[in-house]
Amino acid sequence: MLSDDGQNSSGGDQQSADIEFHSVQPPNSIVSGIWNASFNGIYRANVYLERSPKISGLQGNQAILRNQFLGEAYFLRALHYYNLVMLYGDVPLITSELINTAQLDIARSPKAEVFAQIEKDLLEGLKTLPVSYPNAALIQPVVGISGGSEVGRVTAGAAKTLLGYLYLTTGNSIKAEQYLKEIVSSNIYSLNAAFTTNFNALGGTKNSPESILEAQFTTPATLGGAQTDFSFQFGPADEVVGGVNSLARNRPTDNTLIEGITLNSTLVQSFTAPDLRKNATVSYNTVTPIRSTNKKYWVPGAAAQGSANWVIFRYADALLLLAEALQNQGKDGEALIELNKVHAHPRTGLIAYVGLTGTALRDAIRLERRLELAMEGRRWIDLLRWNNVEAVMAAHGRPVKAGTKGLLPIPQGEIEKSTKFIQNPGY
């Protein structure tokens, strides 16, 4: 909703509306929710990273699994911090277990320090993360742990994808190329023949060959359940049991359905007519008022809670990051090959780009990321990485709040609890 890809409908949810219109204030519950959930994850990772190496007497698979889980914890801490620093800028860098409230009164660390810690964590995690599951380092048989039940855990490919994001964000395209090429050369991942295979809502397969990392969800009948609320996040209220009248959150932007305001460069109109991905990304409800919906994660008539996985990283994302890293270095020929692997794949219905170089190639890669990864939570981070968020959003008709450079505010509750926090500019 922050980006030019997402919008709400009028009425019902001021917190979400403030996000879309960039009128958000520090008390906003979405802003504090992201912050709190992220630091909760960081706290848990810190506890494991600090305590588990002190466990003595581990033998065989116990020691191997402990080290595997260390790699996972390093990755998760890095992922949380990457999201935090991109959304909020400078954030407190905490890498040890907090044991008393006095430790909470700390200052925000500069972005450069946080980026350095993310890199350190990911490189450390790569020492023990398996390339795939089941973990080949384990001594067989593994009692109670089958390869199937391990699918969905963090792998080296996930860490290398996040390193690609990190290095492109910090301007190190050479390093980004190195790790992203390692993903390609691993021959572990491949693009699905059908685009829809990536998404459970479209009849797809969980943890498919294109999947690098997915958040795993299930239903109440299995393992007690960890369900999604995608119906409330993406479905039109008139089709969701218990939904708020006239509310539809996280809709693909469509300038034919804008209510009372003109938006430019909307997502739906950015697809060309032959692009088969459009119909796999956008759908419309059947009653008035007509709403666009995120087809990748919403099944009309679905229950309020579901079991579809959320895709965090997939191979197409890594290929386009590699194209970006290559183009940044002037390796236009190589970049065009990687771009066309996604753009001209039979599943898109599109023909290959020919002869693109320089700015035209850069813009084609950026457009491809927008269309291929539409509504998957990538667009806003991309705009921040490219340092064009202010220009893009102004042209779209939803300018970012003056002076903020697109950053969210530090939650008001955090400002009030700390003597050292300073609010982000513009708030």
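Yes or no: Val47 part of a helix (DSSP H, G or I) and either within 26 Å of Thr253 (Cα to Cα) or open to solvent by 50 Å² or more (accessible area, probe 1.4 Å) (or both)? Considered against the rule, which asks whether it is part of a helix (DSSP H, G or I) and either within 26 Å of Thr253 (Cα to Cα) or open to solvent by 50 Å² or more (accessible area, probe 1.4 Å) (or both), Val47 comes out as no. Entry remark, region 367-391: residues being without any contact (Cβ under 8 Å) to a residue 40 or more places away in the chain and in a helix (DSSP H, G or I) number 4 in total.
Condition test on Gly204, is it open to solvent by less than 50 Å² (accessible area, probe 1.4 Å), part of a loop (DSSP other than H, G, I, E, B), in contact (Cβ under 8 Å) with a residue 24 or more places away in the chain and of a type in the set (Gly, Ala, Ser)? Steps first, please.
Working: open to solvent by less than 50 Å² (accessible area, probe 1.4 Å): yes; part of a loop (DSSP other than H, G, I, E, B): yes; in contact (Cβ under 8 Å) with a residue 24 or more places away in the chain: no; of a type in the set (Gly, Ala, Ser): yes.
So Gly204 fails the test.
When the residues of region 1-37 are filtered to those that are assigned to a loop (DSSP other than H, G, I, E, B) and open to solvent by 60 Å² or more (accessible area, probe 1.4 Å), the one that is nearest to Pro289 (Cα to Cα) is Ser10. Just to verify a result, which residue in region 169-202, among those that are charged (D, E, K, R) and out of contact with any Lys or Arg (no Cβ under 9 Å at 6 or more places or on another chain), is farthest from Phe234 (Cα to Cα)? Out of the qualifying residues, it is Lys175.
Among the residues of region 389-411, how many are of a type in the set (Gly, Ala, Ser) and buried (at least 20 other Cβ atoms within 10 Å of the Cβ)? Steps first, answer last, please.
If we filter region 389-411 for residues that are of a type in the set (Gly, Ala, Ser), which is where we start, we get 391, 394-395, 397, 402-403, 406.
Subset that is buried (at least 20 other Cβ atoms within 10 Å of the Cβ): 406.
Result for region 389-411: 1.
Taking region 285-312 as the range and being buried (at least 21 other Cβ atoms within 10 Å of the Cβ) and on the phi > 0 side of the Ramachandran plot as the test, no residue passes.
Put simply, of Ser9, Ser29 the only residue that is of a type outside the set (A, V, I, L, M, F, W, C) and closer than 20 Å to Gly426 by Cα is Ser29. Any residue in region 126-139 that's farther than 9 Å from Gln68 by Cα: show its pairings with residues that are of a type in the set (Val, Ile, Thr) and not in a loop (DSSP other than H, G, I, E, B) at Cβ separation under 9 Å, as long as the two are six or more apart or on different chains. Pairs that qualify, where the first residue is farther than 9 Å from Gln68 by Cα and the partner is of a type in the set (Val, Ile, Thr) and not in a loop (DSSP other than H, G, I, E, B), are Ala137/Ile64; Leu138/Ile64; Ile139/Ile64.
Restricting Leu98, Leu2, Leu49, Leu79 to those that are touching a helix residue (DSSP H, G or I) at 6+ places or on another chain (Cβ under 8 Å) and more than 26 Å from Thr161 (Cα to Cα) reduces the list to Leu98. Do you know which residues across region 207-255 are out of contact with any helix residue (DSSP H, G or I) (no Cβ under 9 Å at 6 or more places or on another chain), at pLDDT below 75 and of a type in the set (D, E, K, R)? Within region 207-255, just Asp238 meets the criteria. Is region 139-157 home to any residue that is of a type outside the set (Ser, Thr, Tyr), at pLDDT 95 or above and out of contact with any Gly (no Cβ under 8 Å at 6 or more places or on another chain)? The answer is yes; a qualifying residue exists. Is it fair to say Tyr48 is of a type in the set (Ser, Thr, Tyr), at pLDDT 95 or above and within 23 Å of the chain's Cα centre (by Cα)? Spelling it out, it is not the case that Tyr48 is of a type in the set (Ser, Thr, Tyr), at pLDDT 95 or above and within 23 Å of the chain's Cα centre (by Cα). Looking only at region 64-75, decide whether some residue is open to solvent by 50 Å² or more (accessible area, probe 1.4 Å), without any contact (Cβ under 8 Å) to a residue 24 or more places away in the chain and assigned to a helix (DSSP H, G or I). Looking for residues that are open to solvent by 50 Å² or more (accessible area, probe 1.4 Å), without any contact (Cβ under 8 Å) to a residue 24 or more places away in the chain and assigned to a helix (DSSP H, G or I), one finds at least one in region 64-75, hence yes. Here is the figure for region 199-215: residues that are out of contact with any strand residue (DSSP E or B) (no Cβ under 9 Å at 6 or more places or on another chain) and under 15 Å from Arg277 (Cα atoms) total 3. When Glu414 is tested against (1) under 17 Å from Asn28 (Cβ atoms); (2) buried (at least 20 other Cβ atoms within 10 Å of the Cβ); (3) in contact with an Asp or Glu (Cβ under 9 Å, 6 or more places away or on another chain), only condition (3) is not met.
Among the residues of region 313-352, those identified as open to solvent by 60 Å² or more (accessible area, probe 1.4 Å) and not in a helix (DSSP H, G or I) are Gln329, Lys331, Ile351.
In region 12-30, which residue that is touching a residue at least 24 places away in the same chain (Cβ under 8 Å) and of a type in the set (D, E, K, R) is farthest from Ala402 (Cα to Cα)? Break it down stepwise before answering.
So the first thing to find is which residues in region 12-30 are touching a residue at least 24 places away in the same chain (Cβ under 8 Å), and the list is 12-13, 16, 20-28.
Right, trim to of a type in the set (D, E, K, R) and you get 13, 20.
Numbers: Asp13: 23, Glu20: 15 Å.
Result: Asp13.
If you go through region 76-105 and pick out every residue that is open to solvent by 30 Å² or more (accessible area, probe 1.4 Å) and not hydrophobic (A, V, I, L, M, F, W, C), you end up with 9.
The values are calculated or read from the model by the stated rules, or taken from the named source; none is laboratory data. Given the structure is predicted, the values throughout are model-derived calculations rather than measurements. All Cβ positions, even for glycine, are placed from backbone atoms using ideal geometry, and neighbour counts span all protein chains on display. We work out accessible area using only protein heavy atoms, side chains counted, and drop any ligands, DNA or RNA first. Shrake-Rupley method; radii C 1.70, N 1.55, O 1.52, S 1.80 Å.
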